[in-house]
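The values are calculated or read from the model by the stated rules, or taken from the named source; none is laboratory data. Every value quoted in this text rests on a predicted model; they were computed, and no experiment measured them. So basically every Cβ, Gly included, is an ideal-geometry build from the backbone, and we count neighbours across all protein chains shown.
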Amino acid sequence: MNINVITVTYGERFAFLEKTLNAIISDKNVNKVIVVDNGSTNGAKIDEYIKNDQKKKIIIIRNNKNEGSAGGFKKGIIEARKNKSDYVLLLDDDNVMGDNWSEYFINILSQFSNKDDVVLKGNRNINSSNDLIKEENQNTLNQFIYMPRGALSYGGTLLPFKAIVETEPPFEPFYLYDDDTEYLFRVSKKYKTYQLNRPLVNDIDHTLSTSNEMKYLRSFDKNVSLVKLFFMTRNQYALPLITKSQNKFSLLFLGGLKISAKIFYAFVKLGINKFTVERASLMIRAFFDGVRLKFDNDENIKRYTR
C-alpha cells in the first residue's frame, strides 16, 4: 500500500514541521509528501530540508500569502489528485505520527472487506476523552469505534484516494477553523469513518493549552489572535447551517445565549475593560456573520490582523 501525505505550514513553524516530516518521510509506505507553504517565513529552511530528501518524496507548493487552512489543504488535495496513491493522510504541521503508524493503519484496513470505503482517524494525543466519539459498532479488540458525521479533523485522518477525487476540496470561504470538519463531513456522507486507538497523532504545539477555567475563557486568551478569534467564532455558527444540522432560528436563540454567557462570564472574571470589550464586540459581529453566512474574508483578515 502506498500513501501520499498532505500538510500545510505557515508563519514561523519550521521547528514543528521538521518533526512532522521526520516522522513520516522514511516510512516505506509513504509515496509522496505534499507540503503547502502557506506564505510562511521558513522558505529557506524548507528548501534546505528538501535537499536532504534523497528519495525525492517531497512536493512543495508555495502560496504568496496565507490562504488559510481551507485554501492550503484545497491546493494540497488538488495536487494529491495528480499523484495516484492508495490512500491520502492529512496532517497539520504540528502532528507527529507515532511509531509504526502506517502499519497500524494497514492492519486495521485488513479487517474490512470494503476497505476502499473506509476513512480512519488516528488517535490525537490531546486528552483522553472526545465527546464527539460514540461507542457504536465497537469491535471486540477495542481497536476502533465508529464515528458519527462531523467528528473528524485534518490531523491524522487517512482517506482512500477515491474519496479526495469524488469529494470537492475544503470550502475556501471558511478560511480558518472548522474547514476540516465541513470538508470531512461531506466525505463521511459516503464513507464510513472510524476512530482508532493507534496510531497516536501527537500534537506538539501547545501554544493554546490552557487551564480548565481558561478553556471556557478561550475567546479572551491573549494567545488567541483577533483574526483567529473571529474565524473560530464565525465558522462555529456557520457550520451547523451549512451541514443542515441546526436551523437558523434555534441557532440564533441558542447561539445567542451561549455567546452572551461567555461574554458575561468574561466580564465577571476579567472585568470590563478595553481588552474584554474589544473581544466581546468581535465575537458578536462574528456570530451574526456566521448566522448570515457572510464570508468577507479579506476584509476581516485586514481588520483583525495586528
Practice task
Scan (1) polar (S, T, N, Q); (2) modelled with pLDDT of 95 or more; (3) over 22 Å from the mean Cα position of the chain (by Cα) for the single condition Asn52 breaks and write down its number.
Solution key: (2)
Exercise for the section: Being modelled with pLDDT under 95, out of contact with any helix residue (DSSP H, G or I) (no Cβ under 8 Å at 6 or more places or on another chain) and farther than 21 Å from Phe231 by Cβ narrows it down to one of Gly11, Gly43, so name that one. Expected result: Gly43
Problem - Filtered residue count, segment 220-238, keeping only those that are surrounded by 20 or more Cβ atoms within 10 Å (Cβ to Cβ) and either of a type outside the set (A, V, I, L, M, F, W, C) or free of Cβ contacts under 8 Å to residues at least 40 places away in the same chain (or both) - result: 4
Practice task
Being in a strand (DSSP E or B) and out of contact with any Lys or Arg (no Cβ under 8 Å at 6 or more places or on another chain) is the filter; apply it to segment 7-36 and report the residue that is surrounded by the most Cβ atoms within 10 Å (Cβ to Cβ).
Solution key: Val8
Problem - Check on Ala280, at pLDDT 95 or above and within 19 Å of Ser69 (Cα to Cα) - result: no
Fill in the blank from the handout: If you go through Pro160, Pro148, Pro169, the only one that is at pLDDT 90 or above and under 23 Å from Ala238 (Cα atoms) is Pro169
Practice task
Would you mind stating whether Leu252 is closer than 21 Å to Asp179 by Cβ and assigned by TED's automatic domain parsing to the domain that holds Asn300?
Solution key: no
Exercise for the section: Being surrounded by fewer than 22 Cβ atoms within 10 Å (Cβ to Cβ) and touching a strand residue (DSSP E or B) at 6+ places or on another chain (Cβ under 8 Å) narrows it down to one of Asn2, Asn95, Asn107, Asn52, so name that one. Expected result: Asn2
Fill in the blank from the handout: Looking across segment 264-289 at residues that are in contact with a Ser or Thr (Cβ under 7 Å, 6 or more places away or on another chain) and in contact (Cβ under 8 Å) with a residue 24 or more places away in the chain, the single one that is surrounded by the fewest Cβ atoms within 10 Å (Cβ to Cβ) is Leu270
Exercise for the section: Please enumerate the residues belonging to segment 162-207 that are closer than 23 Å to Lys82 by Cα, of a type outside the set (Lys, Arg), assigned to a loop (DSSP other than H, G, I, E, B) and more than 14 Å from the chain's Cα centre (by Cα). Expected result: Thr167, Glu168, Ser188, Tyr191
Exercise for the section: Would you confirm whether any residue within segment 82-92 is buried (at least 19 other Cβ atoms within 10 Å of the Cβ), closer than 25 Å to Lys65 by Cβ, at pLDDT 75 or above and among the charged types (D, E, K, R)? Expected result: yes
Practice task
Can you confirm whether segment 224-240 contains a residue that is under 19 Å from Thr181 (Cα atoms), under 24 Å from the mean Cα position of the chain (by Cα) and basic (Lys, Arg)?
Solution key: yes
